[in-house]
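As structure tokens, the structure follows; a few thoughts come after it.
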Amino acid sequence: MTPASARLGVVRFPGSNCDRDVLSLAQVAGYQADFLWHLDHFNIQDYQALVLPGGFSYGDYLRAGALSARSPVMNSVRDFAKRGGPVLGICNGFQVLTEAGLLPGALVKNSSLRFRDGWVDLVPENKSSFWASQHSQWKVGGQLKLPIAHGEGRFYSPPDLLRQIEDSGQVWFRYADNPNGSLANIAGVLNETGNVAGLMPHPERALWDWMGSEDGRGFLR
Amino acid sequence: MKMSSALAKKLQTYRISFAELQEILKLMKRPAPIQNAHQEWDDVQLNPVEWAVFSALWSEHCSYKSSKIHLRKFAQTLDASVVNAEGENAGVIDLGQGERIVFKMESHNHPSFIEPYQGAATGVGGILRDIFTMGARPIASADYLCFGDEFSGRMGLLVDGVVRGIGGYGNSVGVPTITGQTNFHPRFEKNILVNAMSVGLLRKNEKVALSAAKGVGNQVVYVGAKTGKDGVHGAAMASESFDANSDAKKPNVQIGDPYFEKLLIESCLEVLQQDLVVAIQDMGAAGLTSSSFEMASKGQVGMRLNLDLVPVRDSTMQADEILLSESQERMLMVVEPHKVPKVQSLFQRWGLDAVVVGEIQSARRVQIYFHGEKMADLDPDWLVENCPRYSRPFEPWKSTRVFENPDDLLDAELMKVLQQPMGLKDWLLQKSSQAQHAAKTPLYQQYDQRVGLLTARGADHDVGVLRLPDSARGLALTVGCRPWLMEIDARLGALDAVLYPSFQMSLKGFVPKGLTDCLNFGNPEKIEIMNEFVASVDAIVETSLLLQAPVVSGNVSFYNETLGQNIISTPAIGVVGLREDIRELPEDVFLAPGLDVWRLSHSAVFTSSQSAPKMGFCGDFGASQVMSWVQWMKQLRLLSQLSGVRANQMVSQGGLLLSLVKMVQGGVGCKLTAPLSVSDLLQEVLYQSVWVVEKSVPFGDRAKALGLQPELLGQTQLDWFEVREKCKISVQDWQKLNQNSLRRSIESLA
């Protein structure tokens, strides 16, 4: 698969607000990218990768990500993921993937009970089969600098599930300095097969030096 | 004057004066009021809808009746860069390479004091609608806030609620908040200020959308949230002073839903880009009334409206309530009949109903029907063009608080204390922990600063910077007005409201390109308030002309008084500036040791500080001085582009010493070796700046060549902030103190 011919789908829910930003992330990596509307199914053969962007889908009503996880487009996303297709959830997209049962755990209100914007350092833990797998920082001691912006980003799971996540190598990234009270400093997790990944920080907001970091570029190969 | 009780009650409810009523009846050719046998004025022939419509559109908030004659002066500042969009929701500036920006600042003071979260949130929502209704995608927001004393009863709750409200709304709709200013001063105790600014971008092929209704037979389409009883009479509330009973006004405050706004932004920009709409306006103050009458008046047409078709939340709503509701997230559009189905299907895709509620007609009347009955039949000009204009009494500005000797402005008692061994250190630590000086990180880190991928510098910097998507140029955003200077002298304070933020961006190499204002004042019926208002407008015009940065939009908020006490008059200013690229912008703080620290002064005017016992100034700020400041600003801009300039900063409130210590935010300290006296360290001077420069750069010579007077103060060093042997503070301790002060006071409320 050469990126030039590869197509990436950006799932667009009502209230998504990083949808256009994720198009930039895909384009910087040389992908063709287009939007997938929340009410439509799509042909999973047409895409090599999918991203669920950040935002406040369905206004975050009920629980962040809860309504989106049950929208029609998610049937196609599920099929795509089941066949091993790479799916990435960023911020609200991560919340949607946990609500949809595609990723373990849950994201609850920050321990400060406030929205938090800022830069964080991430410690890479286990590799995804696709996302950021070729990232230059993926070496012992390497860290990634990415921005966060969320009110409900505290990773939570019951103790036995947490043990299972840890034991099966599903922790993707940890915060070097925990900004929101996440259990075990978890910033991102993987599914068991490593093709579905989710994280609270925003790789698409770190594409150029002038943004403050370029570490988001390596998320797409 | 004696009035029948019926008439007296109506005039009070609708906040219309007897003279205004006489004018209304004359316009409508209705019988003038007559006196009965008891010499009382009898009730008149106006139905509730007519009363309501005049009440809203002739209110100060909608009509600018006390300020209009002065605001006209801003027209002289407009130059060739301003895209002609007169009378529109926001001003437009052409940046010269195809892209145009739309920006405006607006107040939401009254609602935010009553209900801080929703008041601030809907303030952000309202200003965003002013931007995207012009066809521009909002790309950044800023806020200007003034609160009372940090320790007084409700103030913590107000700060917390306002900040959460701004974040709650702005973050959801995906517009980054990249800069702002927060002041604390006892004179805002009973009347806080919440001013929100937003900037939108029109890219090369995108057209400016206008609001003038056109085309007989075109359909009037309502889109967005359903109309509820919230905010009925909001405009009239905002045109009134607070009394002891302001809590009773809570039901007048609107409730916002940022989710709906986000859908509106995307769908409206889509219909505008596809050229499906003739005219569009948001339903802001006075809701459907102002949008319909203003669109008709601007387009010189009439409009027929059927209120039965307006989507309502409550079926018991009466015609006047539907007309005056300030329910949020609603827009009114004029659409050609054959395009209506396409418009409706596009909105439907976004889950929004677009409903035809009326039609444009040639007869220049707005006719309002409800339950089959004609409730009003009014010439739109009566409400808009013929609205009263008041020339409230005022006197030419005369500065009074003049001092001969700058040292007399200093607090003599304090000076004595500062001579003590630990005096300076104690004073610095105490100041650094006050809300006014503490790091505002706990506030702005609740705002999303990077959504949209244009942010090069967010709210943790002095100047917010965006990188424009097509041309890669830098767009800077700053807000200004230092209330304690307004309190000293309105002319000086208003000059500074424009100059200080312009200096800030000039230090980073940006050229101010345009201004917006948000004029927060007390009761205009008091001459001392009107004097300050007129002096402020004149000062803004004067600086705008010198800077060649036109005033393209604005807002006036009068009646910021509670129980007879007026706020400090506060003309908040938003400045937008441009730079050819965003490489090598000087930083704001000390980031590396071993660099020279310089001061550049233009010591023309000294002022007292906020807490000083005596209030006043020393020096001259006449027209020639303002010219020389603007000239000086240009030279500083040249100097900022010198390679080797690593950081710079305007000296701000509290004087040189406090400004310098704030630069250790970067984690590096400095040692001041120059023989500075205590009064030199504390004196508030307009204008000084601090520069951090590599030693190899002949900074002093370059500055002198530009006619500036450089003074080497010392150099940056690791770990310690030192003033000769007078004061020594650990950088780490200071950072902790300054970062945590505000956090403590608001986090206790979570």
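The values are calculated or read from the model by the stated rules, or taken from the named source; none is laboratory data. This structure is a prediction, so every number in the text was calculated from the model and none was measured. Because the Cβ atoms are built from the backbone with ideal geometry, glycine has one as well, and the counts that use them run over all protein chains shown.
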For segment B:634-676, the count of residues that are within 27 Å of the chain's Cα centre (by Cα), within 19 Å of B:VAL697 (Cα to Cα) and part of a strand (DSSP E or B) equals 2
Exclusive hit being in a loop (DSSP other than H, G, I, E, B), at pLDDT 90 or above and surrounded by 14 or more Cβ atoms within 10 Å (Cβ to Cβ), set B:SER55, B:SER66: B:SER66
Might you check whether a residue that is of a type in the set (S, T, N, Q), assigned to a loop (DSSP other than H, G, I, E, B) and more than 18 Å from B:VAL220 (Cβ to Cβ) occurs anywhere in segment B:360-367? no
A careful count of residues in segment A:84-124 that are closer than 19 Å to A:GLU192 by Cβ and over 15 Å from the mean Cα position of the chain (by Cα) gives 1
Just a yes or no: is a residue in segment B:479-496 more than 25 Å from B:VAL651 (Cα to Cα), out of contact with any helix residue (DSSP H, G or I) (no Cβ under 8 Å at 6 or more places or on another chain) and either of a type in the set (A, V, I, L, M, F, W, C) or modelled with pLDDT under 95 (or both)? no
In segment B:554-633, which strands (runs of 3 or more DSSP E) lie fully inside it and hold 2 or more residues that are more than 26 Å from the chain's Cα centre (by Cα)? B:596-607, B:617-619
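Among the residues of segment B:248-256, is any modelled with pLDDT of 90 or more, buried (at least 22 other Cβ atoms within 10 Å of the Cβ) and away from chain A (no Cβ under 14 Å)?
no
Filter segment B:368-396 for residues that are over 35 Å from the mean Cα position of the chain (by Cα) and either outside any loop (DSSP other than H, G, I, E, B) or basic (Lys, Arg) (or both); which is nearest to B:LEU27 (Cα to Cα)?
Keep residues of segment B:368-396 that are over 35 Å from the mean Cα position of the chain (by Cα), which gives B:369-377.
This time we only want the ones that are either outside any loop (DSSP other than H, G, I, E, B) or basic (Lys, Arg) (or both), so: B:369-370, B:373-377.
Working: B:TYR369: 21, B:PHE370: 24, B:GLU373: 23, B:LYS374: 19, B:MET375: 18, B:ALA376: 14, B:ASP377: 13 Å.
Here the answer is B:ASP377.
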Among the candidates B:ARG579, B:ARG599, which residue alone is under 16 Å from B:SER689 (Cα atoms) and among the charged types (D, E, K, R)? B:ARG599
Specify which of the listed residues (B:LYS728, B:LYS695) is part of a loop (DSSP other than H, G, I, E, B), out of contact with any His (no Cβ under 9 Å at 6 or more places or on another chain) and either more than 28 Å from B:ASP408 (Cβ to Cβ) or more than 14 Å from chain A (Cβ to nearest Cβ) (or both). B:LYS695
Within segment A:189-213, how many residues are more than 13 Å from chain B (Cβ to nearest Cβ) and out of contact with any Gly (no Cβ under 7 Å at 6 or more places or on another chain)? 5
Starting from residues that are surrounded by fewer than 18 Cβ atoms within 10 Å (Cβ to Cβ) and of a type in the set (D, E, K, R), keep the ones in segment B:334-358 and report whichever is nearest to the other protein chains (Cβ to nearest Cβ). B:ARG349
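Right, B:GLY302: touching a helix residue (DSSP H, G or I) at 6+ places or on another chain (Cβ under 8 Å), surrounded by fewer than 23 Cβ atoms within 10 Å (Cβ to Cβ), away from chain A (no Cβ under 14 Å) and in contact (Cβ under 8 Å) with a residue 24 or more places away in the chain or not? Give the derivation first.
Working: touching a helix residue (DSSP H, G or I) at 6+ places or on another chain (Cβ under 8 Å): yes; surrounded by fewer than 23 Cβ atoms within 10 Å (Cβ to Cβ): yes; away from chain A (no Cβ under 14 Å): yes; in contact (Cβ under 8 Å) with a residue 24 or more places away in the chain: yes.
Yes; evaluated as a whole, the condition is true for this residue.
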Hey, can you tell me all the residues within segment A:145-165 that are part of a strand (DSSP E or B) and under 16 Å from A:GLY198 (Cα atoms)? A:LEU146, A:PRO147, A:ILE148, A:ALA149, A:HIS150, A:ARG154, A:PHE155, A:TYR156
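Would you mind stating whether A:SER68 is crowded, with 22+ Cβ neighbours inside 10 Å and either within 14 Å of chain B (Cβ to nearest Cβ) or out of contact with any Gly (no Cβ under 8 Å at 6 or more places or on another chain) (or both)? Reasoning before the result, please.
On the way: crowded, with 22+ Cβ neighbours inside 10 Å: yes; either within 14 Å of chain B (Cβ to nearest Cβ) or out of contact with any Gly (no Cβ under 8 Å at 6 or more places or on another chain) (or both): yes.
In short, yes.
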Determine if segment A:179-188 includes at least one residue that is in contact with a Gly (Cβ under 7 Å, 6 or more places away or on another chain), surrounded by 22 or more Cβ atoms within 10 Å (Cβ to Cβ) and not in a loop (DSSP other than H, G, I, E, B). yes
Counting just the residues of segment B:436-458 that are more than 14 Å from chain A (Cβ to nearest Cβ) and touching a helix residue (DSSP H, G or I) at 6+ places or on another chain (Cβ under 6 Å), which one comes out surrounded by the most Cβ atoms within 10 Å (Cβ to Cβ)? B:ALA438
For segment A:195-221, name all the residues that are over 15 Å from the mean Cα position of the chain (by Cα), outside any loop (DSSP other than H, G, I, E, B) and of a type in the set (A, V, I, L, M). A:MET211
Do you know which residues across segment A:44-77 are closer than 18 Å to A:ALA6 by Cα and in a strand (DSSP E or B)? A:ALA49, A:LEU50, A:VAL51, A:LEU52
Residue list for segment B:462-489, restricted to those being among the β-branched types (Val, Ile, Thr) and closer than 19 Å to B:GLY619 by Cα: B:ILE488
Output the qualifying pairs, or none if there are none: Cβ atoms under 7 angstrom, residues six or more apart or on different chains, first residue in segment A:137-153 and under 13 Å from A:ASP177 (Cα atoms) and within 14 Å of another protein chain (Cβ to nearest Cβ), second residue of a type in the set (Lys, Arg) and in a strand (DSSP E or B). A:ILE148/A:ARG116
Hey, among the residues in segment A:8-19 that are under 17 Å from B:GLY170 (Cα atoms) and not acidic (Asp, Glu), which one's farthest from the other protein chains (Cβ to nearest Cβ)? A:SER16
Going by the conditions given, is B:SER689 closer than 26 Å to B:ALA435 by Cβ, in contact with a helix residue (DSSP H, G or I) (Cβ under 7 Å, 6 or more places away or on another chain), at pLDDT 95 or above and of a type in the set (Ser, Thr, Tyr)? yes
Any chance B:VAL645 is closer than 16 Å to B:LEU595 by Cα, crowded, with 23+ Cβ neighbours inside 10 Å and out of contact with any Ser or Thr (no Cβ under 8 Å at 6 or more places or on another chain): yes
Test B:HIS461 against the criterion of being under 27 Å from the mean Cα position of the chain (by Cα) and within 14 Å of chain A (Cβ to nearest Cβ), and give yes or no. yes
For segment A:21-43: of the residues being part of a helix (DSSP H, G or I) and buried (at least 20 other Cβ atoms within 10 Å of the Cβ), which is nearest to the other protein chains (Cβ to nearest Cβ)? A:ASP21
Go over the candidates B:ARG164, B:ARG129 one by one and state the one that is within 14 Å of chain A (Cβ to nearest Cβ), of a type in the set (D, E, K, R), within 23 Å of B:GLY231 (Cα to Cα) and part of a helix (DSSP H, G or I). B:ARG164
Do you know which of the residues in segment A:99-150 that are of a type in the set (A, V, I, L, M) and at pLDDT below 95 is surrounded by the fewest Cβ atoms within 10 Å (Cβ to Cβ)? A:VAL140
